[in-house]
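Visitor: Submitted below is the structure of interest, expressed as structure tokens.
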Amino acid sequence: MKILAIDTSTLVMGVSLLDDDRVLGEVTTNLRKDHSVRLMPTVARLLEELRLSLSDLDLIAVASGPGSYTGVRIGVTTAKTMAWSRNLPLIGISSLAVLAMNGLRFDGKIAPLFDARRDRVYTGLFQGSEAGEMRSVKKERVTPIDEWLEELKEEGPVLFLGDDVGRFRERIERALGENASFGFPPENIPRASCLGRLALARWRREEQGEGTDFTPNYLQLAEAEAKWLSRRGNGKST
């Protein structure tokens, strides 16, 4: 089964092509550039390098959020268009679960996180399985970082992953002490190949993709939308 995996949910853009569990090719960039401009050319170049075309694909996988509102929307919209225009199954996978896959080596719980601004984070708690997948231990949420750390005090050793962990590191160490571990730099970047593997595992279990009502998992409204709704609730018009 040939799988195209797309992740644009953070500053990192990842595209990978897999043949079942085998990674055929992968492109990962960590740039402050518009994913909407770069995504499809990257897909096209990777297919060309591997001498494949869209007609060779059997499944499309996409990181469904949370993360950057715009980034998540770009990836999901592109994946939906490609999948449904070619009648291919589409599977959405949590962006946090994708990042957590980098911690499979760790003997303990894994807490991937993305900065959600205003001292909050998108996060969840995961644990690797013997099958090489991620099991959710605590529900994904957007939460104040200090509340999250307080909750994690009873979880034993925890590995924190993500490019945004550094800005909270001192608070994490203060709250959890020796139970806090941190990923190596390469582990803090999500890999589209991990997304593809998670999607393949789900396909093998369920043998079905997303329905037509599939939407991203933003966990919270975009800031502009939240402000607009707040003004409406206060009786102010735009």
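Visitor: Of the conditions (1) under 18 Å from the mean Cα position of the chain (by Cα); (2) modelled with pLDDT of 95 or more; (3) surrounded by 15 or more Cβ atoms within 10 Å (Cβ to Cβ), T29 fails just one. Which one is it?
Guide: Result: T29 passes all but (3).
Visitor: Quickly run through segment 129-144 and pick out the residues that are modelled with pLDDT under 95, among the aliphatic types (A, V, I, L, M) and under 18 Å from G183 (Cβ atoms).
Guide: Correct list: M134 only.
Visitor: Further question on the same structure: Given the options E210, E155, E147, name the one that is part of a loop (DSSP other than H, G, I, E, B) and either modelled with pLDDT of 95 or more or more than 17 Å from A61 (Cα to Cα) (or both).
Guide: E155
Visitor: Counting only residues that are surrounded by 13 or more Cβ atoms within 10 Å (Cβ to Cβ) and over 20 Å from I93 (Cβ atoms), how many does segment 152-163 have?
Guide: 5
Visitor: For the condition outside any helix (DSSP H, G or I), under 13 Å from S9 (Cβ atoms) and not assigned by the TED database to the domain that holds G183, what is the one hit in P66, P112?
Guide: On the way: P112 fails: not assigned by the TED database to the domain that holds G183.
Within the list P66, P112, the selection yields P66.
Visitor: Let me ask something additional. So which of G183, G162 is touching a helix residue (DSSP H, G or I) at 6+ places or on another chain (Cβ under 9 Å), on the phi > 0 side of the Ramachandran plot and in contact (Cβ under 8 Å) with a residue 24 or more places away in the chain?
Guide: Just a single option satisfies the conditions, and that option is G162.
Visitor: If you don't mind, there's one more thing I want to ask. Would you confirm, using the coordinates I've provided, whether A97 is touching a residue at least 40 places away in the same chain (Cβ under 8 Å), part of a helix (DSSP H, G or I) and among the small types (G, A, S)?
Guide: Yes: the conditions hold for A97.
Visitor: Considering every residue within segment 48-63, establish whether at least one is of a type outside the set (A, V, I, L, M, F, W, C), in contact (Cβ under 8 Å) with a residue 60 or more places away in the chain and not assigned by the TED database to the domain that holds G183. Walk me through it before giving the result.
Guide: Of the residues in segment 48-63, the ones of a type outside the set (A, V, I, L, M, F, W, C) are 48-49, 51, 53, 55-56, 58.
Filter again for in contact (Cβ under 8 Å) with a residue 60 or more places away in the chain, leaving none.
Checking segment 48-63: not a single residue is of a type outside the set (A, V, I, L, M, F, W, C), in contact (Cβ under 8 Å) with a residue 60 or more places away in the chain and not assigned by the TED database to the domain that holds G183.
Visitor: With respect to S193, determine if the residue is surrounded by 11 or more Cβ atoms within 10 Å (Cβ to Cβ), modelled with pLDDT under 95, small (G, A, S) and in a helix (DSSP H, G or I). Walk me through it before giving the result.
Guide: On the way: surrounded by 11 or more Cβ atoms within 10 Å (Cβ to Cβ): yes; modelled with pLDDT under 95: no; small (G, A, S): yes; in a helix (DSSP H, G or I): yes.
No, not satisfied.
Visitor: For segment 165-183, indicate whether the set of residues that are surrounded by fewer than 19 Cβ atoms within 10 Å (Cβ to Cβ) and closer than 23 Å to V72 by Cα is non-empty.
Guide: yes
Visitor: Quick check on V76: is it closer than 29 Å to V121 by Cα, touching a Gly at 6+ places or on another chain (Cβ under 9 Å) and part of a helix (DSSP H, G or I)?
Guide: yes
Visitor: A further question follows. So which of I110, I91 is in contact (Cβ under 8 Å) with a residue 40 or more places away in the chain, closer than 26 Å to E140 by Cβ and touching a Lys or Arg at 6+ places or on another chain (Cβ under 8 Å)? Outline the logic, then answer.
Guide: Details: I110 fails: touching a Lys or Arg at 6+ places or on another chain (Cβ under 8 Å).
After applying the criteria, what remains is I91.
The values are calculated or read from the model by the stated rules, or taken from the named source; none is laboratory data. Small disclaimer: the values here were computed from a predicted structure and weren't measured. No Cβ is skipped: glycine too gets one built from the backbone with ideal geometry, and neighbour counts run over all protein chains shown.
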